[in-house]
1. Using a 10 Å cut-off on Cβ atoms, rank the peptides 428-439, 320-331 from the highest mean neighbour count down.
2. Compute the length gained on full extension between Leu547 and Glu244: take 0.36 nm times their separation in residues and subtract their Cα-Cα distance, giving the result in nm to one decimal.
3. By per-residue mean of other Cβ atoms within 10 Å, what is the highest-first order of 93-103, 455-465, 341-351?
4. Based on the alpha-carbon gyration tensor of region 299-338, what equivalent-ellipsoid semi-axes (square roots of 5 times the eigenvalues) come out, in whole Å, largest first?
5. Between Ile449 and Ser339, 0.36 nm times their residue separation minus their Cα-Cα distance comes to what?
6. Ranked highest first by the average count of other Cβ atoms within 10 Å around their residues, in what order do 309-319, 523-533, 4-14 fall?
7. Is the C-alpha gyration tensor of region 18-67 telling us rounded, prolate or oblate? Criteria: a/c under 1.5 is rounded; beyond that, a/b larger than b/c is prolate, otherwise oblate.
8. Would you mind computing, in nm to one decimal, how far apart the modelled labels at Lys29 and Thr364 are, each placed 7 Å from Cα along Cα→Cβ?
Amino acid sequence: MSGAALGLEIVFVFFLALFLLHRYGDFKKQHRLVIIATLLAWYLCFLIVFILPLDVSTTIYNRCKLAVNSSPAESNGSYVTLAPSKQKCFKPWSYIPDGIMPIFWRVVYWTSQFLTWILLPFMQSYARSGGFSITGKIKTALIENAIYYGTYLLIFGAFLIYVAVNPNFNLQWNQLQTIGIAAANTWGLFLLVLLLGYGLVEIPRSHWNGAKRGYLLMKTYFKAAKLMTEKADAEENLEDIMEEVRKVSESIKYNHPLRKCVDTILKKCPTEYQERMGRNMDDYEDFDERQNSYPSEKSLAKLHKQVIYSVQRHRRTQVQWQILLEQAFYLEDVAKNESSATRQFVHTFHSQEPENKIIQYFYTPTVEWYWECLLRPWFYRVLAVVLATFSVIVVWSECTFFSTKPVLSLFAVFIQLAEKTYNYIYIEMACFLTIFFLSICVYSTVFRIRVFNYYYLASHHQTDAYSLLFSGMLFCRLTPPLCLNFLGLTHMDATISHKNTQPTAYTSIMGSMRVLSFIADGFYIYYPMLVVILCIATYFSLGTRCLNLLGFQQFMGDSEMTSDLIDEGKELIRREKRKRQRQEEGENRRREWKERYGNREDSTRSRAVHTDQKESSFSETNANRPLSKYTRSNGRTERDRIELLQDAEPLDFNADSVNDDPLESDSGR
């Protein structure tokens, strides 16, 4: 099993990152480089979270082996060995051989840093550029990132000059590398505590509110009202942009040098607008002889950028509106079925997507009723209590992890108790649950936050390239300080535990933070305590209240604006529900029409064909005979009447006076 666990987790994490990226990104429409860069960033960050518990168990085994093979008075290099253990050191099932983890962490860490500080910012500007060629997009990206890169180079250059001039500093390359890592981790830790303080409170509270049906339905109505406003704004913005495109398309004719740029813009427009703005190939006009003012290539690039953004926003709001309607209809069905005496879940509308037969076999209407109306609320309440307990433990440990005598951090207590018995399974599970919960609190906040319309992760393949790249950049900056914070909570970091024991492989590539004592002994220890204030602010919804005061409507139960938006959303959902009911009624009438008259028409058609064959055979056998005196015109009249009935389409309206049988009305007439 040596190294097998590492290989299995590498494969599993890859498919996990691929699944999440497929949920938020669009593999068919987005550029391959954007997909590959985002997938690599997400994959590396998730990989660090999953592999770090294996590093901890391997380090504990190495410490045990070092303690058994040495006496208490001996020293092994720079490490002071521990007392010999009375128990034999058992090798963990997930043991990773020496020399693999340092190389692995070095490759993963520096690749992620290259992505977050150099490649992903450049690709963000490249993806948002409206250029019509690769060279133009690269030029625009370099210009936009010149200030970004120049600021970091200026700070780093000033620091190097200060070190070179000051004789008191004698820094080597390893120490400079450590200072760079400390600077990056300091920036990441600053953002990490902000996101962690929000997630520690909001995740348990969201699951507790998930058990309240009325709360979820009211919040869905509120979202519907806000989304309808955004949807209308997106449609209006798209109309304005398409009007500008139409004017440009009419002014720049087929023989203009910039016509290729206009064609590129038209390809990004929706299909209905492309058909409406199709260029007139018969309009030959010599643009050189007329002194018209034509837009420049720079203005066309700006228009191209606006078209991409407006089309993406319009498509996203349309999809989100349909998803929100399905959610609102389902919550209303749950509210209706709670008082059902049959204890079978009845849907108002059938699912538009075909259901899996296996799921349909096991997840029957009875099982669905018991889960949705009875078990699910209690399950969410229990889960919320468990998550709230984890949050309290995290907050306590963040405030006390610097204390080594006595050990107050609960995570450190758990790991040290398991270390005495060398229960590696328990150690890995405890480490995994701890870092997984911290990651969920941080990463879920990244998925939830929205910076106006520039950064927004929307599911169902509706996230644009800029937001995907920005999320990958955030993950790469947040994951290293998150792992260092986890090692500090468990006292596996020598900077926190103040012990000269063998460090983990992950800590060894970070270097000793004691080069910068004010960061190692000050910022890393006392800044995480700020999470208490952030948790209190999140619990009392201070951020939501501030946004509400600034004009950004947020869901608040005691707000008059919230109640007005809830009523507006409820009316919108009711209107959409009536519209869909009329559509289904029309489809049902058409289906009944086909079922009622389809067999009769088929049999009549077959009789008519058989009659034609008999008449044709009769005419062939009796070609020399004189024509009959009498003809049967009634059969042809019947066939014409049946063909007219086949072409007729049932009317789609509710009227009591409409006769269901058109044959009766025809005979009556």
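1. Values: 428-439: 19.2, 320-331: 17.3.
Highest mean packing first, the order is 428-439, 320-331.
2. Numbers: separation 303, 0.36 × 303 = 109.08 nm, distance 3.41 nm.
Stretched out fully, the Leu547 to Glu244 stretch lengthens by 105.7 nm.
3. On the way: 93-103: 15.3, 455-465: 19.3, 341-351: 12.0.
Going by the mean number of other Cβ atoms within 10 Å, highest first, we get 455-465, 93-103, 341-351.
4. Working: eigenvalues 300, 4, 3 Å².
So the equivalent ellipsoid measures 39, 4, 4 Å along its semi-axes.
5. My answer for the length gained is 35.9 nm.
6. On the way: 309-319: 19.2, 523-533: 16.9, 4-14: 14.6.
Most protected by this proxy first, the peptides run 309-319, 523-533, 4-14.
7. Details: a/c = 7.87, a/b = 4.25, b/c = 1.85.
Prolate shape, in that a/c is at least 1.5 and a/b is the bigger ratio.
8. For the pair Lys29/Thr364, the computed spacing is 4.2 nm.
Taken together, the values in this text are just the output of simple stated rules run on the coordinates, not laboratory data. Just so it is clear, the structure is predicted and the values come from calculations on it, not from any experiment. Virtual Cβ from ideal backbone geometry, glycine too; neighbours counted across all protein chains shown.
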